[in-house]
1. Listing S283, S235 from the residue with the fewest other Cβ atoms within 10 Å to the one with the most, what is the order?
2. Hydropathy first: keep DSSP H helices in the chain averaging at least 0.5 on Kyte-Doolittle, then drop any whose Cα extent along the axis falls short of 20 Å, and list what survives.
3. Between K177 and E231, what length comes free when the chain is fully extended (0.36 nm per residue of separation minus the Cα-Cα distance, one decimal in nm)?
4. When only C-alpha pairs under 8 Å and at least 6 residues apart count, what is the relative contact order of the range 13-52, in percent?
5. I need to check one value: relative contact order of the chain, counting alpha carbon pairs closer than 8 Å and at least 6 residues apart, in percent.
6. So what's the back-of-envelope 222 nm ellipticity for the chain, counting only DSSP H runs of four-plus at -39500 (n - 2.57) apiece and dividing by all residues, rounded to 500?
7. Sorting F316, F248, F305 on the 10 Å Cβ count, fewest up front, what's the list?
8. Quick check for the range 142-226: number of Lys pairs with alpha-carbon distance under 15 Å, counting only pairs 8 or more apart or on different chains?
Amino acid sequence: MNALAQTAPAARIFASPLARRLAKEAGLDLASLAGSGPHGRIVERDVKGALAGGVAKKAPPAQRPVALAEAPSAGTTRKFYEIDSYEEVPHDSMRKAIARRLTESIQTVPHFYLDVDCEIDALLKLREDFNAAAPKRADGAPEWKTSVNDYVVKALALALQRMPEANVTFTPESMLKHKASDIGVAVAIPGGLITPIVRNAQAKTVREISDEIKELAARARERKLKPHEYEGGVSAVSNLGMYGIRSFSAVINPPQSTILAVGKGEPRMIVRNGAPVVATIMSVTLSCDHRAVDGATGAELLAAFKGLIEQPMGLFA
């Protein structure tokens, strides 16, 4: 007979539903009460009498820290491979930090995902015309050259302003409602990934956002960013479209509450006004922290983003 079978079951406490509810709300341990109801059943008057008499309440259980799952040890992993069949490259501090933060995020932040397809033909035409209007510098290079990602950052920032319920950060004690939309932009650098922040992106022009992203990305690759330039923010954009990725889901970077994963724009057959037509479609996926952003709120945020991308003149209003 095993140890579990030898353990005596806990004595059953007989109490009315109302008495149980009152005791639970008051933090009162029913096992400490004597029932005055039929067959010793604990009833409402027993709970109220105990509370009036100052009976000690049951102490709340201690809050235990969330345990994070640990990856298998290096030795455990090495045994699956032949000796001399691989080169072992020690992790630098950046890779260790990325591994730790993403593991904590996926284990402690309840993610959910929403995706939508955006028609971007009007955006591509606007971008083409805007870039064509750039005057030439002395060396013949255009004074500015915006990317689709610059417009995506601006659209997300404005969408968050239109949906302030999503422009938030969760804390255990309260929700932080932000006035500005500070948007992170994922930048691949040797050995890792960093997300510099475009502050007050909703108030900046697309050209200003473009110039700032280029400057931040260049200093990120040189590892010259200061902590305040990549910490914080309310949302982020991760764009893998230039690598041919059609769609994907990104991991939220706390304390941010959302991240928008952007795929490539490509010609696809759609139905418009009952007839098949070809349009340039870009798929995006919004990852949301369910503690801060509910499903309907996330859907409305994504709808606002889609509207701005498909009618891009709104980005200049």
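Throughout, read-outs are computed from the coordinates displayed, never taken from laboratory work. Nothing here was measured: the structure is a model prediction, and the numbers come from that model. Positions of Cβ are backbone-derived with ideal geometry, glycine not excepted, and every protein chain shown enters the neighbour counts.
1. So the residues, fewest neighbours to most, are S283, S235.
2. Helices passing the filter in the chain: 148-162, 295-310.
3. 17.7 nm
4. Answer for the range 13-52 is 45 percent.
5. Relative contact order here is 19 percent.
6. -10000 deg cm²/dmol
7. Neighbour counts put them in this order, fewest first: F316, F248, F305.
8. Within the range 142-226, the lysine pair count is 6.
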